[in-house]
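FYI, it's all coordinate maths here, none of it is from the lab. None of the values given here were measured: they were computed from a predicted structure. Note that we place each Cβ from the backbone using ideal geometry, even for glycine, and neighbour counts take in every protein chain shown.
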């Protein structure tokens, strides 16, 4: 059986965030229907550091190991571009010699886009002070720029006090509750379905 490690972008410092990060992604994978030996999420913190960790893991991988990369796209994908073409164009990251198209995946345009795919969870998490009407009824979530996504979350949670939206504890708690099926339905070019399908096959 292949041991899968997924190097995922996610900032912040401290063991508490490390633990919350792993817990959130493990819940997400379980909700997606993965069972048995689960993929191991590895918090890469900064974007470039996540890529570097993945490259090192790929270079030193053992026959029964499979490292994968999952980062924000940070911008819209150009039509016809593969994941590696996008990462080369935007970040000047080269595809490692031993990597193929199944090694890298994107959250388009940011992880928070995936959170907006499940407004039911956001309403439940933030409670009565959550202003869902501050989030536009975008028909194509993946076309929404990063800043607009964050602005919408800020406005919708502005009256939620200490529970207003923030990266770290809050973002990880929400991630662990959202529906992967809703993400796959509303964010097709973020490749969550291909990503999760691939994980299911490789377990």
Checklist outcome for this item: Of region 156-178, those with amide N under 17 Å from the point 7 Å along the Cα→Cβ vector of residue 146 are 166-168
Checklist outcome for this item: Simple spin-label estimate for residue 19/residue 164, 7 Å along Cα→Cβ, in nm, reads 2.8 nm
Item to check | Separation of the residue 173 and residue 26 label points, Cα + 7 Å toward Cβ, nm | outcome: 1.9 nm
Item to check | Spin-label pair residue 85/residue 129, simplified geometry with 7 Å Cα→Cβ offset, distance in nm | outcome: 4.7 nm
Next on the checklist: If you take every DSSP beta bridge fully contained in the chain, what fraction is antiparallel? Give it as a percent rounded to 5.
Outcome noted: 5 percent
Next on the checklist: Give me the percent relative contact order of the chain, please, defined on Cα pairs under 8 angstrom at least 6 residues apart.
Outcome noted: 27 percent
Next on the checklist: Can you order the peptides 155-161, 59-65 by their average number of other Cβ atoms within 10 Å per residue, highest first?
Outcome noted: 155-161, 59-65
Checklist entry - Roughly how tilted is helix 47-59, in degrees to the nearest 10 and between 0 and 90, from the longest Cα axis of the chain? => result 30 degrees
Checklist entry - For residue 65 and residue 185 in the same chain, what is the full-extension length gain: residue separation times 0.36 nm, less their Cα-Cα distance, in nm? => result 40.2 nm
Checklist outcome for this item: Candidates for Cα extents along the principal axes in Å are (1) 49, 31, 28; (2) 51, 36, 30; (3) 65, 51, 28, and the calculated one carries label (2)
Item to check | Degrees between helix 192-202 axis and first principal axis of the chain (Cα, 0 to 90, nearest 10) | outcome: 40 degrees
Next on the checklist: Taking 30 Å as R0, compute the FRET efficiency from the Cβ-Cβ separation of residue 119 and residue 92 and round it to 0.05.
Outcome noted: 0.25
Checklist entry - What order, most packed first, do the peptides 141-147, 12-18 have when packing is the mean number of other Cβ atoms within 10 Å of each residue? => result 141-147, 12-18
Next on the checklist: Tell me the Rg and the Dmax, in Å, that the Cα atoms of region 113-171 produce.
Outcome noted: 10.7, 30
Checklist entry - If you rank 51, 7 by fewest surrounding Cβ atoms within 10 Å, what's the result? => result 51, 7
